[in-house]
Amino acid sequence: MRSRTMPTSRSSRPRPWWALLLPGFGIVIVGVLLIVAPRDTASGVFVVVGGAAILGGMIALISLALNRVMWGYKLFGGLAAILIGLALAGQPLFGAYLLAAAALWILGVAVLLGGVALVIAGLSYASWTPAARGKGGLMVGGGVICLIAGFGIVLGSAMGPLKAPWLYGLAVIAAGVGVIAGAINMRQRPY
């Protein structure tokens with residue numbers, strides 16, 4: 001019988017499960033707000049992101065005065081963060097538009113690749129046994145739906161990335177539910 005040893009160092013201990021659960025609920029709330037009030041929520045999120053970028057840039061410049069190691073990177077990174085932060089805080093909807101366009105392309109390509117993977121896995125799974133054909137068929141069907149959705153997302157992003165705020169809300173809610181599920185899994189199996 002193996003004995004389990006507890007970690008001795010503080011840095012090797014796992015994060016408490018509730019430290020993952022609380023941000024998960026926050027992410028779900030932001031997703032719901034993106035569906036209910038997309039313009040105001042996007043503006044608020046990007047003002048906060050802009051403020052954080054400004055603060056991060058100022059900290060980088062202050063650290064440059066305290067420690068000159070890699071001063072060129074700190075100077076460039078600090079000034080770039082401040083400029084990006086000012087742009088996002090000043091025009092949050094423009095930042096939301098750029099992020100939405102990039103996110104749609106990435107999301108569309110990811111959904112397309114996931115659809116291809118599901119179709120391939122479903123076809124290979126269905127060839128194992130006659131009993132597995134039903135499950136393989138479901139995987140292929142899910143893959144085809146992903147392919148259709150992926151093409152729709154990529155083509156829809158060309159029409160205007162802010163046209164479907166509910167899509168972002170649903171994606172953010174799904175991410176939040178995933179984080180919450182991960183926290184619950186951590187609680188059930190802490191090691």
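Quick notes on this structure:
Condition check ((1) of a type in the set (Lys, Arg); (2) at pLDDT 85 or above; (3) within 30 Å of residue 182 (Cα to Cα)) across all residues:
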residue	(1), (2), (3)
42	no, no, yes
49	no, no, yes
55	no, yes, no
60	no, yes, no
91	no, no, no
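- Any hit, region 83-94, residues being touching a residue at least 12 places away in the same chain (Cβ under 8 Å) and polar (S, T, N, Q): no
- Residues of region 13-33 satisfying the condition of being farther than 17 Å from residue 170 by Cβ and either at pLDDT 80 or above or surrounded by fewer than 16 Cβ atoms within 10 Å (Cβ to Cβ) (or both): 13, 14, 15, 16, 18, 19, 21, 22, 23
- Residue identified as within 20 Å of residue 26 (Cβ to Cβ) and part of a helix (DSSP H, G or I) among 80, 65, 53: 53
- Hits in region 34-50 (condition: surrounded by 14 or more Cβ atoms within 10 Å (Cβ to Cβ) and in contact (Cβ under 8 Å) with a residue 24 or more places away in the chain): 34, 35, 38, 42, 43, 44, 45, 46, 47, 49, 50
- Single match in 86, 118, 123 (criterion: touching a helix residue (DSSP H, G or I) at 6+ places or on another chain (Cβ under 9 Å), at pLDDT 75 or above, among the hydrophobic types (A, V, I, L, M, F, W, C) and farther than 30 Å from residue 35 by Cα): 123
- Qualifying residue in region 69-76 (condition: under 24 Å from residue 182 (Cβ atoms) and either buried (at least 18 other Cβ atoms within 10 Å of the Cβ) or of a type outside the set (Val, Ile, Thr) (or both)): no
- The single condition among (1) within 21 Å of residue 34 (Cβ to Cβ); (2) modelled with pLDDT of 75 or more that residue 165 does not satisfy is (2).
The values are calculated or read from the model by the stated rules, or taken from the named source; none is laboratory data. Model, not experiment: these values are computed from the prediction. Quick reminder, even Gly has a Cβ in these numbers, built from the backbone with ideal geometry, and neighbours come from all protein chains shown.
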